[in-house]
Amino acid sequence: MRLPWLALVAVLLGPLSAAAEPVPRIAIIIDDLGYQLEAGRRAIALPGPLSFAILPATPRGRVLAETAHRLGKEVLLHLPLQAIAHHDTAEPGAITLDMSHGVFRLAFAAALDSVPYAIGVSGHRGSLLTRHPGHMQWLMEEIRSRDDLFFVDSFTTAKSIAMQIATETGVPAAKRDVFLDADRSPLSLAREFERLKNLAQQQGVAVAIGHPYPETLDFLERVLPALAGDGFELIPVSEVLRTNVEPALVGKL
């Protein structure tokens, strides 16, 4: 039986077109490492190329950064930025609005020095500071002055201007799409993980943040090995900066 010409072309090209479909990509950052050694080690042992954001000047931060680096995992400085709800509590290494430019620079340098092997900076809290252009400009200038650092906006407020300032300053940057464990219940974790996968399918790439809670680690240990079989690629967050499928997510190099 002879196929019509167009049908024959479709038969021949169909598999090639399917093969060319991009695989949706997911990056997961585990935040708030540095205080609990065993929880941090368990997080770092999660399967796949996750990234780990370590708080500055924490008792276990340096050893966890060294462990992650030794295992080939990405390390970020999880820089505390002043928040509205925590304006009267200063964490070690915190950046606050009352700092002069000189004090700001010293605080940033000390925080970065306390987390070895950090290849990027992510914001911890920050619902107040990330809406202030002056301090965000200072932060991006400090990041840009150090070769190859990038920024991840944890996006704790919709009023954050971090991505805008990063783009204007020439700092590679990405924004969090999903918090996996604002609610640690199994139902909520599963729901947010499905939302992450849906966003990855829609955008091409999506970024999630989780924490070293027992419930989160239990969940990720179970679901991460199945990601590839479900048609997703797990990538380190630095790879998001090399993805051009969703320009709104990535600050221009």
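Between Leu187, Leu196, Leu139, Leu149, which is within 15 Å of Ile28 (Cβ to Cβ) and of a type in the set (A, V, I, L, M, F, W, C)? Can you show your working first?
Details: Leu187 fails: within 15 Å of Ile28 (Cβ to Cβ); Leu139 fails: within 15 Å of Ile28 (Cβ to Cβ); Leu149 fails: within 15 Å of Ile28 (Cβ to Cβ).
Result of the check over Leu187, Leu196, Leu139, Leu149: Leu196.
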Note down all Cβ pairs under 7 Å where the first residue falls in segment 41-55 and is within 14 Å of Gly72 (Cα to Cα) and without any contact (Cβ under 8 Å) to a residue 40 or more places away in the chain, the second is in a helix (DSSP H, G or I) and small (Gly, Ala, Ser), and they're at least six residues apart or on different chains. Ile44/Ala68; Phe52/Ala43; Phe52/Ala68
Give the number of residues within segment 169-221 that are among the charged types (D, E, K, R) and without any contact (Cβ under 8 Å) to a residue 12 or more places away in the chain. 4
Which residue, of Thr167, Thr156, is at pLDDT below 95, part of a loop (DSSP other than H, G, I, E, B) and on the phi < 0 side of the Ramachandran plot? Thr156
Any chance Leu139 is among the aliphatic types (A, V, I, L, M), modelled with pLDDT of 95 or more and surrounded by 18 or more Cβ atoms within 10 Å (Cβ to Cβ): no
Condition first: touching a Phe, Trp or Tyr at 6+ places or on another chain (Cβ under 6 Å) and either among the aliphatic types (A, V, I, L, M) or surrounded by fewer than 19 Cβ atoms within 10 Å (Cβ to Cβ) (or both). Now tell me which residues in segment 45-70 satisfy that. Ala65, Ala68, His69
Filter result (surrounded by 16 or more Cβ atoms within 10 Å (Cβ to Cβ), without any contact (Cβ under 8 Å) to a residue 60 or more places away in the chain and of a type in the set (Gly, Ala, Ser)) within segment 98-119: Ala107, Ala111, Ser114
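Quick grid of which residues meet (1) crowded, with 22+ Cβ neighbours inside 10 Å; (2) under 18 Å from Lys159 (Cβ atoms); (3) in contact with a strand residue (DSSP E or B) (Cβ under 9 Å, 6 or more places away or on another chain); (4) at pLDDT 85 or above:
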residue	(1), (2), (3), (4)
Leu76	yes, no, yes, yes
His86	no, yes, yes, no
Ala90	no, no, yes, no
Val121	yes, no, yes, yes
Checked pairs for segment 224-239, first under 9 Å from Pro49 (Cβ atoms), second of a type in the set (Gly, Ala, Ser) and surrounded by fewer than 19 Cβ atoms within 10 Å (Cβ to Cβ), C-beta under 6 Å and 6 or more apart or across chains, list as Leu234/Gly48
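The values are calculated or read from the model by the stated rules, or taken from the named source; none is laboratory data. Bear in mind that the values here come from a model prediction, so they are computed numbers and not experimental data. Cβ atoms come from the backbone with ideal geometry, glycine included; neighbour counts cover every protein chain shown.
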